[in-house]
1. If a residue has to be modelled with pLDDT of 90 or more and either under 20 Å from the mean Cα position of the chain (by Cα) or on the phi > 0 side of the Ramachandran plot (or both) to count, how many in segment 350-371 make the cut?
2. When you check Arg375 against the structure, is it basic (Lys, Arg) and either out of contact with any helix residue (DSSP H, G or I) (no Cβ under 9 Å at 6 or more places or on another chain) or surrounded by fewer than 19 Cβ atoms within 10 Å (Cβ to Cβ) (or both), yes or no?
3. Out of the residues in segment 286-313 that are over 22 Å from Arg341 (Cα atoms) and of a type in the set (Gly, Ala, Ser), which is modelled with the highest pLDDT?
4. All but one of (1) closer than 30 Å to Gly188 by Cβ; (2) among the acidic types (Asp, Glu); (3) free of Cβ contacts under 8 Å to residues at least 60 places away in the same chain hold for Asp289, so report the exception by its number.
5. Please verify whether Ala240 is open to solvent by 10 Å² or more (accessible area, probe 1.4 Å), touching a residue at least 24 places away in the same chain (Cβ under 8 Å) and more than 21 Å from Leu357 (Cα to Cα), treating the condition exactly as stated.
6. For Val149, indicate whether it is at pLDDT below 90, β-branched (Val, Ile, Thr), surrounded by 23 or more Cβ atoms within 10 Å (Cβ to Cβ) and more than 30 Å from Pro28 (Cα to Cα).
Amino acid sequence: MHGNAADARRRTDDYARRLPEWLTLVPPSDRWRQVDSAVLLSQLGPVLDWAGITRIGEVTHLDRIGLPVFQAVRPMSRSLAVHQGKGRREADARISAVMEAIEGACAELVQADGPCCRFDDLPEDVRLPRFLDYGEVRPSRTQWPDAPVRWHAAERFPEGGRIFVPFDTVSVDFTFDGDSPFARSSLGLGAGASLEDATVAALLERIERDAQAWWLKSGMAGQARARVDPETIEAPWFHALTEHLADLGIATAVYVVEGAGRLPVVMCRLDDPGYAPSFLGAACRPDPDDALFRAFAEAAQSRLTIISGARDDIMPEEPTQAGHQALGAPTGQNTDWRRVRDAYSARPGLDALCVRLAEGSVRNMLRCDLSPPCRSVSVVRLWMPGMLGAEQCL
């Protein structure tokens, strides 16, 4: 599965020659990461074995778009067995799939290290002010104050200090028996070559999902106000991409809103009249152009997920549903992308972003270090109380 360095370079060169023209114009993405994708991937052999990853396969050419998409497969998973990854080149797509798989393995194997007790029985200095600050409580579990909860130790981030979080919001092991009061998901997991990279990845995902949820809640009028005039997007790769998609009969719509920490959150929608669902991707990045590419890549990956049919969380009705349930027809195009780029010219690092969040409405951020025993990669779980997830918008 791993091969040697010479084989990897030769495969990468061959792959680059097969890339569609629009993709060769895309600049490097996620430049805030401290280690190059190809370098990091070459260091992960022991972690792949520990995580139970048996195969990394390409599904790019099942679709006509041409964006590199790979899958990392974990047959003994306790949640998802197939993890998707995408990127502007093969190494980026491979590491994206692998990192998602490693995140899943870490969050499945973690064991609760705190007490099992009612929320009110925890000492006040190791708990948040309200039980609801930890996550979305399922409507069927309205009697949560009377039930004991398994707790797990986390740290207040970035100031430090221990606090307990419900173990069910840490673990993604879905094989256990019992009825959790929480709507469980992988939201807030992040992986990277360092603890800082993993934290940034988790932080950007939480900001993205929160902004996307509020945008979807705004209805057709609110969504239309956020739509970008494509003629104002000056990136050469985007114009080449939209021409390529138009030739394939695929329409594109781009939207942008401001997320927590004064960061841009971009949504990209793909509509294919010959294919039932609309696909929506979202991304939060300090650089708006980077967020634009990542949002498109997320939409294209979602499309390939349905085409391949390999993910084990695809609902039976999903491949034939008549469009994205939360979106109407694309309307409006009121936003000038040039103004967006000017407005978000600053590129805050992790420390500066934490200061911005503290100045806003985000309080009591929490972090768990879930990194695997072989420390060539870091994995964290991050909580940002009060933030929505996209699943809460419908």
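The values are calculated or read from the model by the stated rules, or taken from the named source; none is laboratory data. None of these values were measured; they are calculated from a predicted model. Every residue, glycine as well, gets a Cβ built from its backbone with ideal geometry; the counts of neighbours run over all protein chains shown. Surface accessibility is based on the protein's heavy atoms, side chains included, excluding ligands, DNA and RNA. Shrake-Rupley method; radii C 1.70, N 1.55, O 1.52, S 1.80 Å.
1. 11
2. Working: basic (Lys, Arg): yes; either out of contact with any helix residue (DSSP H, G or I) (no Cβ under 9 Å at 6 or more places or on another chain) or surrounded by fewer than 19 Cβ atoms within 10 Å (Cβ to Cβ) (or both): yes.
So Arg375 passes the test.
3. The qualifying residue modelled with the highest pLDDT is Ala300.
4. With (1) closer than 30 Å to Gly188 by Cβ; (2) among the acidic types (Asp, Glu); (3) free of Cβ contacts under 8 Å to residues at least 60 places away in the same chain applied to Asp289, the lone miss is (3).
5. yes
6. yes
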